[in-house]
Amino acid sequence: MNGECIVHLNDAVTLQLLGAHVARVTLNRPQVHNAVNAALANGLELAVQLTEDDPHIRCIILTGAGQLAFCAGADLNALADGQAATLLTARGGFAGFVQQPRRKPWIAAVNGVALAGGTEIALACDLIVAAEHASFGLPEVQRGLIAAAGGLYRLTRAIPRVLAIELILTGQRLSAARAQQIGLVNRTVVATELQQCARELATHISGNAPLAVRESLTIARAAFDHDEQALQQMGEQAMKRLRASNDFKEGPRAFLEKRPPHWSGS
């Protein structure tokens with residue numbers, strides 16, 4: 001990819017390079033509020049693989065097409081037709097994304113409703129920025145289901161436990177303003193500024209040393225899964241890898257020479 005051209009990975013997902021190191025992945029089924037079908041799951045899994053494999057891409061924005069919805073969850077037509085299994089991929093799980101291994105940071109730019117699986121996709125990202133009219137929710141219990149694509153535990157990790165349990169058991173929606181207030185959302189902006197906000201955040205992240213960002217992200221993601229001793233060992237191992245890199249030398253050198261660093265990612 002080069003420039004800011006849009007690549008249609010399939011009918012449901014597009015990939016666009018924004019500048020040198022930021023990519024935007026768009027769920028492109030606005031006619032059904034970007035609901036997850038087989039094409040979207042396969043396209044999103046491919047988008048993860050492509051961005052992971054591209055050494056120039058350092059941060060990815062995930063958003064939905066249109067102004068009404070980020071993602072409304074599973075496509076009910078697919079569920080009614082007995083095609084629920086097609087909404088999962090072997091590598092990525094639901095939507096080809098929520099369980100997909102990723103080394104690079106993902107920012108969810110939530111441009112409208114993010115319900116059920118849509119909230120779970122946002123929760124699987126590392127940061128969330130939202131338009132003021134956006135909303136979140138896990139209404140599965142209202143349909144006799146559970147939020148089995150990570151929502152039950154990721155929401156409970158992201159916000160105070162009692163608030164998460166209330167949202168999970170009632171199925172009620174959460175406004176963008178309230179989501180920011182309780183720490184689920186990093187930033188809330190007017191809809192016209194959402195993509196620029198996400199891009200500025202992604203550009204700021206991608207301006208840092210890519211190896212250091214990935215190592216830091218790996219340990220931060222693992223914070224709920226290991227005790228402090230294990231996390232300390234992970235940090236020591238990460239520092240050992242970083243000390244062997246060119247960027248480990250470039251950072252202090254650039255600071256002393258009073259110039260921007262030139263990261264090689266190696």
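The values are calculated or read from the model by the stated rules, or taken from the named source; none is laboratory data. Keep in mind that this is a model prediction, so the values were computed, not measured. Don't worry about glycine lacking a Cβ; one is built from the backbone with ideal geometry, like all the others, and counts go over all protein chains shown.
For Gln16, are the conditions met, namely being closer than 30 Å to Gln142 by Cα and either assigned by TED's automatic domain parsing to the domain that holds Thr188 or part of a loop (DSSP other than H, G, I, E, B) (or both)?
So Gln16 does not fit the description; no.
Output the qualifying pairs, or none if there are none: Cβ atoms under 8 angstrom, residues six or more apart or on different chains, first residue in the range 190-201 and free of Cβ contacts under 8 Å to residues at least 60 places away in the same chain and more than 13 Å from Leu62 (Cβ to Cβ), second residue surrounded by fewer than 18 Cβ atoms within 10 Å (Cβ to Cβ) and of a type in the set (Asp, Glu).
That search, which allows pairs on different chains as well, returns Val190/Glu132.
Give just the number: which of (1) out of contact with any strand residue (DSSP E or B) (no Cβ under 8 Å at 6 or more places or on another chain); (2) farther than 28 Å from Ser175 by Cα does Leu79 not satisfy?
Unmet condition: (2).
Which pairs do you get when a residue that is touching a residue at least 12 places away in the same chain (Cβ under 8 Å) and charged (D, E, K, R), found in the range 210-237, comes within reach of a residue that is surrounded by 12 or more Cβ atoms within 10 Å (Cβ to Cβ) and part of a helix (DSSP H, G or I), reach meaning Cβ atoms under 6 angstrom, with the pair 6+ apart or on two chains?
Correct list of pairs: Glu215/Ala238.
Leu217 is checked against (1) touching a helix residue (DSSP H, G or I) at 6+ places or on another chain (Cβ under 8 Å); (2) modelled with pLDDT of 95 or more and fails just one. What number does that condition carry?
Among (1) touching a helix residue (DSSP H, G or I) at 6+ places or on another chain (Cβ under 8 Å); (2) modelled with pLDDT of 95 or more, the lone unmet condition for Leu217 is (1).
Among what's in the range 7-25 and is of a type in the set (Val, Ile, Thr) and surrounded by fewer than 20 Cβ atoms within 10 Å (Cβ to Cβ), pick the residue that is farthest from Ala41 (Cα to Cα).
Across the range 7-25, the extreme among qualifying residues is Val7.
Identify, please: which residue in the range 172-189 is without any contact (Cβ under 8 Å) to a residue 24 or more places away in the chain and assigned to a helix (DSSP H, G or I) and is, among those, farthest from Ala134 (Cα to Cα)?
Gln181
Among Ala202, Ala176, Ala164, which is in contact with a Cys (Cβ under 6 Å, 6 or more places away or on another chain), in the same structural domain as Thr119 (by TED's automatic domain parsing) and surrounded by 20 or more Cβ atoms within 10 Å (Cβ to Cβ)?
It is Ala202.
Has the range 28-39 got at least one residue that is closer than 20 Å to Asn111 by Cβ, touching a helix residue (DSSP H, G or I) at 6+ places or on another chain (Cβ under 9 Å), at pLDDT below 95 and crowded, with 18+ Cβ neighbours inside 10 Å?
no
Quick one: which residue in Leu44, Leu50 is surrounded by fewer than 24 Cβ atoms within 10 Å (Cβ to Cβ) and either more than 24 Å from Arg143 (Cβ to Cβ) or in the same structural domain as Arg173 (by TED's automatic domain parsing) (or both)?
When all the criteria are applied, what remains is Leu50.
Where the second residue is in a strand (DSSP E or B) and crowded, with 20+ Cβ neighbours inside 10 Å and the first is free of Cβ contacts under 8 Å to residues at least 40 places away in the same chain and among the small types (Gly, Ala, Ser) and lies in the range 16-45, which pairs have Cβ atoms under 6 Å and are six or more apart or on separate chains?
Ala23/Leu17; Ala23/Ile60
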